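The values are calculated or read from the model by the stated rules, or taken from the named source; none is laboratory data. This one's a predicted model, so the numbers in the text were calculated from it and none came from an experiment. Cβ: placed from backbone, ideal geometry, glycine included. Neighbour counts: every protein chain shown. Surface accessibility is based on the protein's heavy atoms, side chains included, excluding ligands, DNA and RNA. Shrake-Rupley method; radii C 1.70, N 1.55, O 1.52, S 1.80 Å.
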Amino acid sequence: MAPKAIIAPSILSADFANLGAECSKTIAQGADWLHVDIMDGHFVPNLTFGPPVVAKIRTHVDRPAASYGKGTFDCHMMIAEPKKWVKEFKAVGCDLYCFHYEAAIDSSAAESPHPDAATDLKTNPRELVRYIHEQGMLAGIAIKPATSVDVLYDVLDSPHKAERPDMVLVMTVEPGFGGQKFMASELPKVQELRKRYPELNIEVDGGLGPGTIDQAADAGANVIVAGSAVFGAKDPAGVISLLREAVDKRAGKL
Ligand SMILES: O=C(CO)[C@@H](O)[C@H](O)COP(=O)(O)O
């Protein structure tokens, strides 16, 4: 049976001039997590924000009482050097550090070592998951649409629990921007993951909303990122509960 629904609105679609209030309001409207999109203008062709902004918004949202709890900051690291920023994001209140598989394995992107990072900035995904766990965060691993789901089996099947991610993120748009069209072509990846890993948290991100949630839920996704569908809604609380019901119905939780 698939795990329960976790609804994680993407604050990329929030009003940046009122970000702290937007975050606390969204949690009050029923969101479980906040999906925090970190973009470096290198791994993706867009820039968002870094640790100082995350530290500020953290003061508007209570830390989760337990792992995966309400108020979890789910930081989606669309950055070329994911290992470099692990400690900084832990320090400012990140609870789940989700890196891209493509960035972790691309040694060409490592330019300037960071003083706090371990010596090798590029590493294999198992080592990076272990490193994130050692810093006291949950670990996620994300794949872009062009990446095959097969690349994840090595890390998901590690014999060592510390090397296994707590969540997989299957992108259903090209990462970089909110408000794009949902790519149903990515759902077979979700189906395959759900078949192999019934208990895994599987997140989908990009183009999710009332019109696409049924397909994603049918495929087996349980962690739902929605940016424009929540922040652009007249009734954000209604959208959040609709997304949750769609997932929990399929997972047999209702
Ligand atoms: O990571 C990203 C974009 O790269 C997403 O989190 C988007 O911000 C989702 O926005 P919508 O498609 O839901 O509007």
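Side notes on the structure shown:
- Residue in segment 75-106 that is surrounded by the fewest Cβ atoms within 10 Å (Cβ to Cβ), counting only those that are touching a residue at least 60 places away in the same chain (Cβ under 8 Å) and in contact with an Asp or Glu (Cβ under 6 Å, 6 or more places away or on another chain): His76
- Any hit, segment 159-171, residues being in contact (Cβ under 8 Å) with a residue 24 or more places away in the chain, within 16 Å of the ligand (Cβ to nearest atom) and acidic (Asp, Glu): no
- Scanning segment 26-36 for residues that are open to solvent by 10 Å² or more (accessible area, probe 1.4 Å) and either without any contact (Cβ under 8 Å) to a residue 12 or more places away in the chain or under 14 Å from the mean Cα position of the chain (by Cα) (or both) gives Ala28, Asp32.
- The set of residues in segment 37-54 being part of a helix (DSSP H, G or I) and open to solvent by less than 40 Å² (accessible area, probe 1.4 Å) consists of Pro51, Val54.
- Test: residue in segment 89-108 that is within 21 Å of Asn124 (Cβ to Cβ), touching a strand residue (DSSP E or B) at 6+ places or on another chain (Cβ under 6 Å) and either among the β-branched types (Val, Ile, Thr) or assigned to a loop (DSSP other than H, G, I, E, B) (or both): no
- Some residue of segment 219-234 being within 16 Å of the ligand (Cβ to nearest atom), open to solvent by 30 Å² or more (accessible area, probe 1.4 Å), closer than 20 Å to Phe16 by Cα and not in a loop (DSSP other than H, G, I, E, B): yes
- Of the residues Leu156, Leu187, Leu208, Leu169, the single one that is more than 25 Å from Ala21 (Cα to Cα), open to solvent by less than 40 Å² (accessible area, probe 1.4 Å) and touching a strand residue (DSSP E or B) at 6+ places or on another chain (Cβ under 6 Å) is Leu169.
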